[in-house]
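Trainee: Mind looking over this structure? Questions follow.
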Amino acid sequence: MPRYPFLTLSTVALAARVVAGQRRSFQRDARLLIAGLRPRLRVDGRLPDLGGSGWVLLTNHFSRPGFRAWWIPIAVSSVVPREVHWISTSALTYPDGWRSTWLTPLSRFALRRIERCYGFTRMPPMPPRPQDVEARATAVRSVLGFVDRTPQPILGLAPEGADAPGGVLQRLWPGAGRFLLHLAERGLRFLPIGVFERDDRVCLQIGEPFTIHRPAATAPEARDAAAADAALRPLAACLPPQLRGAFA
């Protein structure tokens, strides 16, 4: 199985700087962390020229016991030649009461520090909860504001927003397709990047750029679902068949 370095001199020193609130380059730190992977990261496909327009790097939310989701942005940012503005969760959630009571508040503190250190945008965790409606709307406005004021922005996003059994690609929660459509209508292009393990190695499969067009459906719920599926189909093509879920 792959080895994912956690408690090393480099990671401990990096964590101390993040907690201290020092502003840092995530690209540089991602390359430092990914260098510790054994076996080394495998990258298939070719990155397009990321200049000339804004981009959304769209990844799946791969997971398995022993593979933490934070390796997804680390792996992707380590191979992208520019800084990526990641949209991350604001808290880690758990199905049991003990971890929800103790680890979820700690994760909020840690993720807030990471956001300040790297300039990311935090989004309330999935699945959507009624009490998070205003916070989610605020986060969406923050992302759209970043896009509007940043020349040629690069966003990073795993739109599923939560682990799925077996790491299989799952359909998006309501509202996610509408958010992706807002990004597309601001001129951003999408680049699907599949993240998975094969032959005991973390792999990135870079797909072909695409755009999302406003669906013909008139009902808001139907437009939302159609836009979400339009984003997931190219992403599914970057994954092994057993991880494609409903898009196999």
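The values are calculated or read from the model by the stated rules, or taken from the named source; none is laboratory data. Fair warning: this is a prediction, and the values are worked out from it, not measured in the lab. No Cβ is skipped: glycine too gets one built from the backbone with ideal geometry, and neighbour counts run over all protein chains shown. To get the accessible areas, we keep the full protein, side chains included, count just its heavy atoms, and leave off ligands, DNA and RNA. Shrake-Rupley method; radii C 1.70, N 1.55, O 1.52, S 1.80 Å.
Trainee: Rounded, prolate or oblate, given the Cα gyration tensor of segment 92-202, with a/c below 1.5 counting as rounded? Please list the in-between numbers first.
Mentor: Numbers: a/c = 1.56, a/b = 1.19, b/c = 1.31.
Note, shape of segment 92-202 comes out oblate.
Trainee: Run the quick spin-label model on Glu185 and Val79: label points 7 Å from Cα toward the beta carbon, then report their separation in nm to one decimal.
Mentor: If labels sit at Glu185 and Val79, their model points lie 3.3 nm apart.
Trainee: State the extension gain, in nm to one decimal, for the chain segment bounded by Arg99 and Asp199, taking 0.36 nm per residue of separation less the distance between their alpha-carbons.
Mentor: Values: separation 100, 0.36 × 100 = 36.00 nm, distance 3.24 nm.
Taking 0.36 nm per residue and subtracting the Cα distance, the gain is 32.8 nm.
Trainee: Determine the distance separating the Cα centre of segment 42-84 from the Cα centre of segment 194-220; give it in Å without decimals.
Mentor: 11
Trainee: I've got another one for you. Would you please give the FRET efficiency between Arg38 and Thr150, computed as 1/(1 + (r/R0)^6) with r the Cβ-Cβ distance and R0 = 41 Å, to the nearest 0.05? List each step's numbers first, then the result.
Mentor: Values: r = 36 Å, r/R0 = 0.88.
So, using R0 = 41 Å, E works out to roughly 0.70.
Trainee: While we're on this one: Any chance you could list the semi-axes, whole Å, largest first, of the equivalent ellipsoid that the Cα gyration tensor gives for segment 47-88, using √(5λ)?
Mentor: On the way: eigenvalues 105, 19, 15 Å².
They are 23, 10, 9 Å, listed largest first.
Trainee: Please list, by residue number, everything in segment 100-132 whose backbone N is under 17 Å from a paramagnetic label point 7 Å out along Cα→Cβ of Ala246.
Mentor: The answer is 127-128, whose backbone nitrogens lie closer than 17 Å to the label point.
Trainee: Right, another one. Quick one, what does Rg over Rh come out to for the chain if you take C-alpha atoms and the Kirkwood Rh? Please report the intermediate quantities before stating the final value.
Mentor: On the way: Rg = 17.4 Å, Rh = 18.6 Å.
My calculation puts Rg/Rh at 0.94.
Trainee: Given the Cα-Cα distance of Ala135 and Asp163 and 0.36 nm per residue of separation, how much length would full extension add, in nm? Intermediate values should be presented prior to the final figure.
Mentor: Working: separation 28, 0.36 × 28 = 10.08 nm, distance 2.12 nm.
Gain on extension, Ala135 to Asp163, equals 8.0 nm.
Trainee: Can you compute 3J(HN,Hα) from phi for each residue in segment 97-112, using the Karplus curve 6.51 cos²θ - 1.76 cosθ + 1.60 with θ = phi - 60°, rounded to whole Hz and x for Gly and Pro?
Mentor: Listing the rounded values in order: x, 5, 5, 4, 6, 9, 7, 4, x, 5, 5, 4, 4, 5, 5, 5 Hz.
Trainee: Once amide H atoms are built 1.01 Å from N in the peptide plane, which residues 5 or more positions from Asn60, or in another chain, come under 5 Å H to H?
Mentor: When sequence neighbours closer than 5 places are left aside, the close amide H contacts are Ile193, Val195.
Trainee: What number, rounded to the nearest 500 deg cm²/dmol, is the helix-based mean residue ellipticity at 222 nm of the chain, given -39500 (n - 2.57) per DSSP H run of at least four residues and division by all its residues? Write out the running numbers ahead of the final one.
Mentor: Working: 7 runs with 95 residues, N = 248.
It lands at -12500 deg cm²/dmol.
Trainee: Got a sec to turn the phi values of segment 56-67 into Karplus ³J(HN,Hα) couplings, 6.51 cos²θ - 1.76 cosθ + 1.60 with θ = phi - 60°, whole Hz, x for Gly and Pro?
Mentor: Working through the residues one at a time gives 10, 7, 9, 10, 7, 9, 5, 7, 6, x, x, 10 Hz.
Trainee: What spacing in nm lies between the two simple spin-label points modelled at Arg116 and Ser142, each 7 Å away from Cα in the Cβ direction?
Mentor: 1.3
Trainee: On to the next question. Quote the FRET efficiency, to the nearest 0.05, computed for Arg108 versus Tyr4 with a Förster distance R0 of 41 Å and r equal to the Cβ-Cβ distance. Display every interim value, and only then the final one.
Mentor: Details: r = 23 Å, r/R0 = 0.57.
So the FRET efficiency works out to roughly 0.95.
Trainee: Starting from the 7 Å offset along Cα-to-Cβ, what nm value, one decimal, do you get for the label separation of His213 and Ala237?
Mentor: 1.5
Trainee: Still on this structure, I have one more. Using only the heavy atoms of the protein chains and a 1.4 Å probe, how would Asp229, Asp200, Asp148 rank by accessible area, largest first? Don't jump to the answer; show the numbers that get you there.
Mentor: On the way: Asp229 30, Asp200 75, Asp148 100 Å².
Sorted by accessible area, descending: Asp148, Asp200, Asp229.
Trainee: Something else now. Could you sort 201-209, 55-63, 123-131 so that the peptide with the highest average Cβ count within 10 Å comes first and the rest follow in order? Intermediate results must be reported in sequence, preceding the final value.
Mentor: On the way: 201-209: 18.3, 55-63: 23.1, 123-131: 14.6.
Ranked from most to least packed, the peptides come out as 55-63, 201-209, 123-131.
Trainee: Could I ask something else about it? Around Val84, which amide H atoms from residues at least 5 apart in sequence, or from another chain, sit under 5 Å from its own amide H, with H modelled in the peptide plane?
Mentor: When sequence neighbours closer than 5 places are left aside, the close amide H contacts are Gln27.
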